[in-house]
Amino acid sequence: MLLPFAKMQALGNDFVVLDGTRPLPELSPDFCRRLADRRRGIGCDQILVVDPPPDAQADFGYRIYNADGSQVGQCGNGARCLARFVERRGLSQSRSIRVATRSTRMQLDLLDDGWVRAILEAPDFAPAQVPIRRERAEDLYTLASPVGEIRGGAVSVGNPHFVIPVADVASAPVAEWGALLATHPDFPEGVNVGFVEQRDAGHLRLRVYERGVGETPACGSGACAAAVLMRHWRKTDTRVMIELPGGSLRVQWDQNQNILMEGPADWVYEGEIET
């Protein structure tokens, strides 16, 4: 069976996008790993699937699989690509769609400047919702590790994030600490690990180690988590530009409100792969 796919990218975070409104083969972990393999498959950070709506409050379902085959509940860069995929494939004539993942819901708007706005639900700091194994919420959590104690903030933006303030993101130990913390026992579902440097009240620099993937050129949900936590700590304005290795995103959050994230999403090519 030949499986049609689109290859898309957002700030270098790359995706295989599938149309689940039509019959698909079973997306087993082994099959997802084969699709994501950069030598024996198509190659990607995540596999995205646009599905029929799960209920009347959504226009589409949205599934996300990491390169290791695990399924997760959120991918902000992927969501913007999903909106472009829906438009190009003619699955919707609207420039605004509502999508539902396994853990959250978003509105995706196609903007006149070619970017896509994702409106995410309000962030959740409750330990049980992140989730992190703590009895009460803390501004900064201290995690024990083989390299010593590591301090950072934790938040859910549809998936779990741990964000560590650093003086210089270029020299941050992203690979070492990211691998240690992504599977840390204090995070029962694993965690995405961000390293954030503040340039000024409206400008952050960020690198993210994603669970099940490793460091990626950009992470949309990680950018939202960093913006939310820096605002929560009263370090930044409500609207910030976040510079990632792959490019920049605009993120806006007024406390206790939804998160607005704006950035590019690009079609790379389309093809078919033998299943």
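Observations on the model:
- Residue count for the stretch 246-275 satisfying the condition of being surrounded by 14 or more Cβ atoms within 10 Å (Cβ to Cβ) and within 18 Å of His161 (Cα to Cα): 8.
To keep it simple, each residue is scored yes or no on (1) of a type in the set (A, V, I, L, M); (2) open to solvent by 50 Å² or more (accessible area, probe 1.4 Å); (3) touching a residue at least 40 places away in the same chain (Cβ under 8 Å).
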site	(1), (2), (3)
Ala10	yes, no, yes
Asn13	no, no, yes
Arg38	no, yes, no
Ile42	yes, no, yes
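- The one condition from (1) more than 20 Å from Gly214 (Cβ to Cβ); (2) in a strand (DSSP E or B) that Gln9 does not meet is (1).
- Inter-residue pairs, beta-carbon under 8 Å, first free of Cβ contacts under 8 Å to residues at least 24 places away in the same chain and in the stretch 176-202, second surrounded by fewer than 22 Cβ atoms within 10 Å (Cβ to Cβ) and not charged (D, E, K, R), 6+ apart: none
- Hits in the stretch 64-109 (condition: touching a helix residue (DSSP H, G or I) at 6+ places or on another chain (Cβ under 6 Å), over 18 Å from Asn13 (Cα atoms) and open to solvent by 20 Å² or more (accessible area, probe 1.4 Å)): Ser92
- Any hit, the stretch 23-33, residues being of a type in the set (A, V, I, L, M), open to solvent by 70 Å² or more (accessible area, probe 1.4 Å), more than 17 Å from Glu210 (Cα to Cα) and in a loop (DSSP other than H, G, I, E, B): no
- Taken over the stretch 212-245, the criterion of being touching a Ser or Thr at 6+ places or on another chain (Cβ under 8 Å) and buried (at least 24 other Cβ atoms within 10 Å of the Cβ) is satisfied by Ala227, Met230, Ile242.
- Per-region count, the stretch 152-196, residues open to solvent by 60 Å² or more (accessible area, probe 1.4 Å) and of a type in the set (Ser, Thr, Tyr): 2
- Residue match in the stretch 137-151 (condition: crowded, with 22+ Cβ neighbours inside 10 Å and either closer than 26 Å to Pro29 by Cα or touching an Asp or Glu at 6+ places or on another chain (Cβ under 7 Å) (or both)): no
- Filtered residues of the stretch 120-136 (kept if surrounded by fewer than 18 Cβ atoms within 10 Å (Cβ to Cβ) and among the aliphatic types (A, V, I, L, M)): Ala122, Ala126, Ala128
The values are calculated or read from the model by the stated rules, or taken from the named source; none is laboratory data. Just so we're clear, the structure is a prediction, and the values are computed from it rather than from any experiment. FYI the Cβ positions are ideal-geometry reconstructions off the backbone, even for glycines, and counts take in every protein chain you see. What goes into the accessible areas is simple: the full protein's heavy atoms, side chains included, and nothing from ligands, DNA or RNA. Shrake-Rupley method; radii C 1.70, N 1.55, O 1.52, S 1.80 Å.
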